[in-house]
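Visitor: My structure is below; once you've seen it, I'll send some questions.
Since every read-out is calculated from the coordinates, none of them should be taken as a lab result. Treat the numbers as computed from the prediction; the structure is a model and nothing was measured. Heads up, the Cβs are rebuilt from the backbone with ideal geometry, glycines too, and the neighbour counts pull from every protein chain shown.
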Amino acid sequence: MTGKKTTVAALQAALAAEQAASYGYGVAGAHLTGSAFRAASADNVLHERARDNLVKMITALGANPHPAAVAYRLPISVSTAGDAANLAADLELGVVSGYLSLAAVPDPALRRLAAKTMQAAAVRAARWGAPSRAFPGLAAQH
Amino acid sequence: MLAAAAAGSLGLTGCLAGCKGIKALGPVPGVSAEVVTLEHTISAEEQLVAIYQAAVSQLGDTSITSGNGSDAQVVAAIHAEHVEHLRQLRARLILPPRYAKAKPTPSHAATPQLPSDAKAVIATLAGYERSAAQRLTGDLSAVPAALAQLMASISASEAAHVVYLRRAGAA
């Protein structure tokens, strides 16, 4: 794959993770109240902004951003506030994974963007109650 | 041994023929910037491990109990993750460290200095974590793709450590 194709594919992967997170936060938010609801809303706004930014970047490279799915299979069934927090943690860890390819593209600025976004998502996952892990986003062999 | 003797004979013959000896081979190739960056990253992670080891020892008797476990337990768990980071980073280094041209300049003193108060220790560790995540982000461009991914993942782990430390220190 050429550098441009690699970059577009990595941006598409990040976009897919952001789209899934936006969808999932909509589900989680419906089961949250008070400060947890406000935190979920704020986090969702961050994902929507990141999604829109990725769409612009992919378009600028002459490619078509993949559209979001109509619905996503959520990793857990949500019926309580605790479930919603667990879902939010899972969504954030999915975002960490979604940016991993972007951390490996030739463009140094995109690598830094990927790392910073992975850091921010890992922080949010921790706030939502995800347990600490040594290699967020990487496969289990680490 | 046989190979070394044969090479010696060839060398003598070569000199008689007018070569310039070992200088004709040119300078020893330098170590790439990628290797130097990795060595710096390993050295910084070694320092983090040492700092956490000191913190684990120090907090053993003075830990604050919180709803999420004592601060000593949290620090010990994070220490274990840094040991894992170090193991993975070292596994990426093919050349012996002595071949690196530049030696790392640690951002902190070689001997970890920690405050005596437990909460201040937690705050100090959080500061080290933030610095480590920032440094890794800055070094990503100088390494191969697979190592960049590992470093980005480690930087995410270190950024999240701040949350766990704050939670432990807030008790």
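Visitor: Just counting partner chain Cβ atoms within 10 Å, what average do the residues of peptide B:83-89 show around their Cβ?
Guide: Taking the mean over all residues of the peptide, I get 2.
Visitor: Next question, about the same structure. What order do you get for B:128-135, B:156-163, A:55-62 when each peptide is scored by the mean count of other beta carbon atoms within 10 Å, highest first?
Guide: So the order, starting with the most tightly packed, is B:156-163, B:128-135, A:55-62.
Visitor: Take peptide B:132-141, look around each residue's Cβ out to 10 angstrom, count Cβ atoms belonging to other protein chains, and average those counts.
Guide: 4
Visitor: How would A:76, B:122 line up from fewest to most surrounding beta-carbon atoms within 10 angstrom?
Guide: A:76, B:122
Visitor: Same structure again: What number in nm² do you get for segment A:9-60 if you take the convex hull of its Cα atoms and divide its surface by four?
Guide: 3.2 nm²
Visitor: Still on this model: Could you rank the peptides A:94-101, A:64-71 by their average count of other C-beta atoms within 10 Å per residue, with the highest value first?
Guide: Listed from highest to lowest mean packing, they are A:94-101, A:64-71.
Visitor: Sticking with this one: At 10 °C and a viscosity of 1.306 mPa s, what translational diffusion coefficient does Stokes-Einstein give for chain A, taking Rh as the Kirkwood radius over Cα pairs? Give it in µm²/s as a whole number.
Guide: After rounding, the answer is 103 µm²/s.
Visitor: So what are the ³J(HN,Hα) numbers for segment B:121-131, from phi and the Karplus equation (6.51, -1.76, 1.60; θ = phi - 60°), rounded to whole Hz, Gly and Pro as x?
Guide: 4, 4, 5, 5, 4, 4, x, 4, 5, 4, 4
Visitor: Right, something else. Across peptide A:117-127, what mean number of C-beta atoms from other chains lies inside 10 Å of a residue's C-beta?
Guide: What the average comes to for A:117-127 is 6.
Visitor: Rounded to the nearest 20 debye, what is the charge dipole size of chain A about its Cα centre when +1 sits on each Lys and Arg Cβ and -1 on each Asp and Glu Cβ?
Guide: My answer is approximately 360 debye.
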